[in-house]
Amino acid sequence: MTTIPSIARLRRPGSLRRRQTITAYTFLAVPLVFFLIVRFLPTFTALRLSLFDWNILKEVQPYVGFANYDKLLHDGVFGRALVNTALYTIIGVPAQIVLGLATALLLGKIRKLQGLFRALYFAPYVTPIVASAWVWQWLFSPQFGPVNTLLVWLHLPPQPFLTSPSQALATTAALVVWQNLGFQVVLFLAGLAAIPRTYYEAAEIDGASGSQAFWKITLPLLNPTIVFSVVTGTISYLQLFTQVVNLNFTDQGGPLSSTMTVALYIYQLAFGRFQTGYASAITVVLFVIILAITLLQLRFLTRRVDYG
Amino acid sequence: MTTQPRLTTETQLVPPARQRGSLTVLAYVVLAVGALVTLFPFAWMVLTSLKSFQELFSLGFWPQEPTIANYSQVLTQTKFLTWFGNSLLVAGVSTLSVLFFDSLVGYTLAKFEFPGKNIIFVLMLSTLMIPTEMLVIPWFVGVSDLKLLNTTPGAYFSILFPGLMSAFGVFLMRQFFESLPTDLIEAARIDGMSEFGIFWKVALPLVRPALSSLAIFSFLGNWNAFLWPLIVIQKPELRTLPVGTALFNGEAGTQWGLIMAASSLAVIPVLVVFAFFQKQIIEGVVLTGMKG
């Protein structure tokens, strides 16, 4: 308090800093209010609602403590939704990364038509999700779908796909992968282009094989792209909703809850059965899961690669 | 043929010495098959939409007697064009708002020194992990309490308010403004330009590529938004395209010709826009991936 202010007065950075602070907070005022009201307060409201037997249709909303959380421990549909959501993520994220990287590597091998192929693969990503889901339903229709027509033509048995509890989830995951593939391809093409060619030239001089170059150069140097893809992919798969609803519109999450996701179950509880308090408890659990998985992925997947 | 990392459309990843003729042919074949599989759903959608109800279940690929009856039925029975307009309005307003506010916040966080700067950035970024499902319940309680759904402007506001700003955009714009030389801003300051003028006339034009990629992402995201609009839209004439299409298709039952016509109407304009701007759109996405 004795020396610092005198130096500060000498160089007069105090007034500049104060002006900067005032300008900054003027610019940030509206966005801060937005984030507070539209993102943060609702998060706390959801936490609060989860402690009540809250029902939009009723007059009284009694406080029930952790009863909603206790209830979901014994809720079979919630358990099913949780397992399904995990399965979607475990199938979808690796599938779209492997296919995306493989396609990007193939695109890197060709000279002509690269731009055309890239655009064709990207088209599903810009296609409205709802419309794609209905087309998917029709493609995989057990009686009239062209996929089964193809299977029969190949002398293979036709499959029930979305009407079967054991195949519906995989068929749904396939739709999401089809939609996301182009985005992954574009991401990996950019990641690959950023790897200096000199590394490959050096590896070739040292007599490294193509697969050695892939595992020792390509994959480690793609780490930032892979981490980005894993983290954003996981967050979106954990919130899977639109595709599931539109693939089985009359029996959403069916058959027999086999495609039910946590997000869809929350929607049904809150807006179909008006069990707002209970649904809020599940949203809190989903939030904790997303938070934990994202932090773990960032902690364990990020590698510092320095080949300088 | 440069060793610099580039964001180009045509990427030559393998040195010519490495290329083997037969391998290249194989790459073309695999890519072509993949492209056919990728595009088949679009072809099947359009071809089915041109079939009559009688022909629908005949399993043939080409429609024997192509008809546009399904299209005229969708357009007369539904408010399809209104839904299209609603989606344009919602996605358009959200995108403009995101472009303005996210770049203003990104610029402030990148180019100003002030107490609380880092905590504000971390807090905004952390909202990316809040699932939409967690927010929609309080949002719905909020718009109901405020009786926003009783008036048309209030209802439109209710549909689009969640997308007016995005943490992802803030992150993206901050990254781009950080790489902007501070000298330019200092020079403008010495010239006596207002702080907002510096942002608007000096800084913003220099990050135009970032703005266009943010615009693409924001527009796509809001154009596809489904969960919240499904919950909040009460009147048929306020439906957005995804909500309208889903509810119409749900009612159509087994009339797949109608469902495919409605889907084609939702898909084809988007694909036409994409065909024209595919280079810019894809490069915008690349830019985002590299900075993210």
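Read-outs throughout are calculated quantities, based only on the coordinates presented, and are distinct from any laboratory measurement. Quick caveat: nothing in here was measured; it's all calculated off a predicted structure. Reconstructed Cβ throughout: ideal geometry from the backbone, glycine too, with neighbour counts over all protein chains shown.
Some observations on this one:
- Matching entry among A:Thr234, A:Thr250 (being surrounded by fewer than 17 Cβ atoms within 10 Å (Cβ to Cβ), within 11 Å of chain B (Cβ to nearest Cβ) and out of contact with any Pro (no Cβ under 9 Å at 6 or more places or on another chain)): A:Thr250
- Any hit, the range A:111-119, residues being touching a residue at least 60 places away in the same chain (Cβ under 8 Å) and within 29 Å of A:Pro224 (Cβ to Cβ): yes
- The condition of being in contact with a Pro (Cβ under 9 Å, 6 or more places away or on another chain), more than 8 Å from chain A (Cβ to nearest Cβ) and part of a helix (DSSP H, G or I) holds for only one of B:Leu36, B:Leu75, B:Leu47, that being B:Leu47.
- Identity of the residue in the range A:44-60, in a loop (DSSP other than H, G, I, E, B) and within 11 Å of chain B (Cβ to nearest Cβ), that ends up surrounded by the fewest Cβ atoms within 10 Å (Cβ to Cβ): A:Ile56
- Test: B:Thr254 is within 20 Å of the chain's Cα centre (by Cα) and of a type in the set (Ser, Thr, Tyr): no
- Positions within the range B:264-290 being small (Gly, Ala, Ser) and over 13 Å from the mean Cα position of the chain (by Cα), in sequence order: B:Ser264, B:Ala266, B:Ala275, B:Gly289
- Under the condition of being hydrophobic (A, V, I, L, M, F, W, C), within 14 Å of another protein chain (Cβ to nearest Cβ), touching a Ser or Thr at 6+ places or on another chain (Cβ under 9 Å) and surrounded by fewer than 16 Cβ atoms within 10 Å (Cβ to Cβ), the residues counted in the range A:73-119 number 0.
- Filtered residues of the range A:183-207 (kept if without any contact (Cβ under 8 Å) to a residue 12 or more places away in the chain and either more than 7 Å from every other protein chain (Cβ to nearest Cβ) or in contact with a Cys (Cβ under 8 Å, 6 or more places away or on another chain) (or both)): A:Ala202, A:Glu204, A:Ile205, A:Asp206, A:Gly207
- Residue count for the range B:158-172, restricted to those that are more than 12 Å from B:Leu214 (Cβ to Cβ) and of a type outside the set (A, V, I, L, M, F, W, C): 3
Rundown of residues vs (1) touching a residue at least 40 places away in the same chain (Cβ under 8 Å); (2) surrounded by fewer than 19 Cβ atoms within 10 Å (Cβ to Cβ); (3) in a loop (DSSP other than H, G, I, E, B); (4) at the interface with chain A (Cβ under 7 Å from one of its Cβ atoms), yes/no style:
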| residue | (1), (2), (3), (4) |
| --- | --- |
| B:Ala215 | yes, yes, no, no |
| B:Trp228 | yes, no, no, no |
| B:Ala246 | no, no, no, yes |
| B:Asn249 | no, no, no, yes |
| B:Ser264 | yes, no, no, no |
| B:Phe276 | no, yes, no, no |
| B:Gly284 | yes, no, no, no |
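- Boolean, A:Ala102 is closer than 23 Å to A:Ala279 by Cβ, among the hydrophobic types (A, V, I, L, M, F, W, C) and out of contact with any helix residue (DSSP H, G or I) (no Cβ under 8 Å at 6 or more places or on another chain): no
- Here B:Gln234 meets the list (1) farther than 30 Å from A:Gly272 by Cβ; (2) outside any helix (DSSP H, G or I) almost entirely, failing just condition (1).
Yes/no matrix, rows are residues, columns are (1) surrounded by fewer than 16 Cβ atoms within 10 Å (Cβ to Cβ); (2) of a type in the set (Phe, Trp, Tyr); (3) more than 23 Å from A:Gln179 (Cβ to Cβ); (4) touching an Asp or Glu at 6+ places or on another chain (Cβ under 8 Å):
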residue	(1), (2), (3), (4)
B:Val29	yes, no, yes, no
B:Leu39	yes, no, no, no
B:Val46	no, no, no, no
B:Leu50	no, no, yes, no
B:Gln54	yes, no, yes, no
B:Leu59	yes, no, yes, no
B:Val93	no, no, yes, no
B:Val98	no, no, no, no
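- Listed by position, the helices (runs of 4 or more DSSP H) enclosed by the range B:102-210 that each have at least 2 residues that are over 30 Å from A:Phe241 (Cα atoms), more than 12 Å from chain A (Cβ to nearest Cβ) and under 25 Å from the mean Cα position of the chain (by Cα) are B:167-178.
- Residues located in the range A:152-176, provided they are in contact (Cβ under 8 Å) with a residue 40 or more places away in the chain, of a type in the set (A, V, I, L, M, F, W, C) and surrounded by 21 or more Cβ atoms within 10 Å (Cβ to Cβ): A:Leu162, A:Ala168, A:Leu169, A:Ala173, A:Leu175, A:Val176
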